[in-house]
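The structure under discussion appears below in the form of structure tokens.
The values are calculated or read from the model by the stated rules, or taken from the named source; none is laboratory data. Everything quoted here is computed from the prediction, not taken from an experiment. Note that we place each Cβ from the backbone using ideal geometry, even for glycine, and neighbour counts take in every protein chain shown.
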Amino acid sequence: MTVPTLVSPLAGDGTPDERLPGNRVAVPASILADLAATGASVTTEMAARSESSRDWWPVTIGWATIGAVGALAGAVVRPSSTEQVAAVLRLCHDAEIPVTPAAGRSGVCGGSIPIAGGISLDLTGLDTIVNVDEVSLTLTVGAGVFGPDLERHLSGFSSGYTLGHWPQSMDLSTVGGWLACRGAGQYSTRYGKIEDMVRGLTVVLADGTIIETEGTGPRSATGPNLTQLFVGSEGTLGVITEATLVIHPIAAAEQRSAYSFATFSDGLEACRRILRRGAAPAVLRLYDVPESQRNFEVDGNVLIVLDEADPAIVEATMGIVAEECASATPLDTSLVERWMGHRNDVSALRPLWESGVVVDTIEMAGPWAALPGVTEAIIAALSAVPGTIVASVHQSHAYTDGACLYFTFAGRSPERPEDPATARDADDAYYRACWEAATMAIERSGSAISHHHGIGLNRSRFMACALGSAFPTLVAIKDALDPKGLLNPGKLGLGDTEAW
Ligand SMILES: Cc1cc2nc3c(=O)[nH]c(=O)nc-3n(C[C@H](O)[C@H](O)[C@H](O)COP(=O)(O)OP(=O)(O)OC[C@H]3O[C@@H](n4cnc5c(N)ncnc54)[C@H](O)[C@@H]3O)c2cc1C
């Protein structure tokens, strides 16, 4: 599958304006020859290296609009089997070449930017669907398989199956990227996040050792869960090459509803009560007034609900939803259709970035008891940054004990000069100030600084504080598994966390 690019490739002669500080490790010609001998495809072509140096982190997108990149790999290496990944990592380990795993490059935190140079390890060649077990309802799949290819394969069986993982970036992202970032699909309230779906992994460690974790059944009590050690490790502890995931028969029934609440807190309270009663509608999304106006042209706090499952379960779930939303104003279910039609459309972003408006989203997760206060604190923190035009929020993924809040901010630095080349520095400063303000507010509330986008480069500087007393344990695990620090340096708070 071809990954769509958001902006045109580098302008001019392709010479990158590397913005990120740090030592870049070159890849010697002899190592390039050895890498090619593994059977993986290897390129040092500038266009491929430049393209592999960016993902959907808004900062890199901003740079791309002026033909710049933040860092550049010495080569792009694309293996097509676990054995080739192992051979590549063994070579890089011996030669001390940094390796940055990359797949769909739809990450929004700079996780696949090769800030230490070395090689960009393109995992999209691991695109085999290995096995579907229709009795046990499991799927074993290569890490480089893209979302639509996976769902097309599953729906092709006469019974019809789904993984139930529908991130907004479905077309752009891979199984390995979902697992590496602990991703969440839009139907997660029924099907869970990717970490709930995974049963086992094949992982290649930094020195090229291949390991298999669990995958032996629904649960185990064979010590700590090593699968989950690699889920969310963002390519810093090992490279995921294959995964066994739980699948579901395609749902026989679906129902939709929509409501408007007087306040966002009232809507949150209804969501909390719905989950508390054991109902888990696949989609339960609550938008504040600015987002309700923007998305639905409704002057209120819109809740959209969609469930799919066995008819009896859907009927019971939607009955509970109706009871808990009795005090809200019912809205036409065409609003849900409207959301379905536009849910993966991000075309409005490009003109904003190109006109110098900085826009990004910040997702976090917290307990219900904290959420009304966190909502106010984060909106206030973002609004107080000079230049902010709008700060808004929706609740996107709900659990019995809490939910994910997803904030959007847009603004323009008041100091922004007219010259596009220097304007980017002002944009970066405004952007960074927004992230500092919001993340501090999240940390003060004791909530998680990310729910599904992960840490990457953007949140690296916040990790030590976010993990607190547990952070040295993460560092110790990194040192044990990757003592030379070659796997995705500078990400997840490991390595130089002030890299940009
Ligand atoms: C428009 C848009 C909407 C989005 N919506 C959602 C959403 O709804 N839900 C959501 O969860 N995310 C969303 N994202 C974020 C992004 O799509 C996810 O983080 C996705 O999981 C990344 O997958 P990828 O294949 O693109 O990985 P990449 O961006 O290539 O990599 C992400 C990180 O994972 C590491 N990595 C990738 N593959 C492997 C592997 N096989 N082994 C080890 N490490 C690996 C990389 O080193 C990097 O650190 C969205 C992004 C965009 C641009």
Take the conditions more than 20 Å from the chain's Cα centre (by Cα), within 11 Å of the ligand (Cβ to nearest atom) and in contact (Cβ under 8 Å) with a residue 60 or more places away in the chain and apply them to Val85. Does it pass? yes
How many of the residues in the stretch 88-120 are part of a strand (DSSP E or B) and within 8 Å of the ligand (Cβ to nearest atom)? 3
Condition set part of a strand (DSSP E or B) and out of contact with any Ser or Thr (no Cβ under 6 Å at 6 or more places or on another chain), scope the stretch 302-325, selection nearest to Ser392 (Cα to Cα): answer is Leu303
Taking interchain pairs and intrachain pairs at least six residues apart, which have beta carbon atoms under 8 angstrom, with the first residue in the stretch 53-75 and farther than 13 Å from Gly110 by Cα and within 14 Å of the ligand (Cβ to nearest atom) and the second at pLDDT 80 or above and among the hydroxyl-bearing types (Ser, Thr, Tyr)? Ala73/Ser52; Ala73/Ser53; Ala73/Thr100; Ala73/Ser120
Please go through the stretch 445-499 and pick out each residue that is more than 16 Å from the ligand (Cβ to nearest atom) and part of a loop (DSSP other than H, G, I, E, B). Gly446, Ser447, Pro483, Lys484, Glu498
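For every residue, the table says whether it meets (1) under 15 Å from Ala384 (Cβ atoms); (2) among the aromatic types (Phe, Trp, Tyr); (3) out of contact with any Ser or Thr (no Cβ under 9 Å at 6 or more places or on another chain).
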residue	(1), (2), (3)
Gly411	yes, no, no
Asp419	no, no, yes
Ala423	no, no, no
Glu436	yes, no, yes
Thr439	yes, no, yes
Ile449	no, no, no
Gly468	no, no, yes
Scanning the stretch 179-203 for residues that are within 9 Å of the ligand (Cβ to nearest atom) and in contact with a Lys or Arg (Cβ under 9 Å, 6 or more places away or on another chain) gives Arg182, Gly183, Ala184, Gly185, Gln186, Lys193, Ile194
Of the residues in the stretch 342-376 that are more than 30 Å from Gly446 (Cα to Cα) and in a helix (DSSP H, G or I), the one that is nearest to the ligand (Cβ to nearest atom) is Leu349
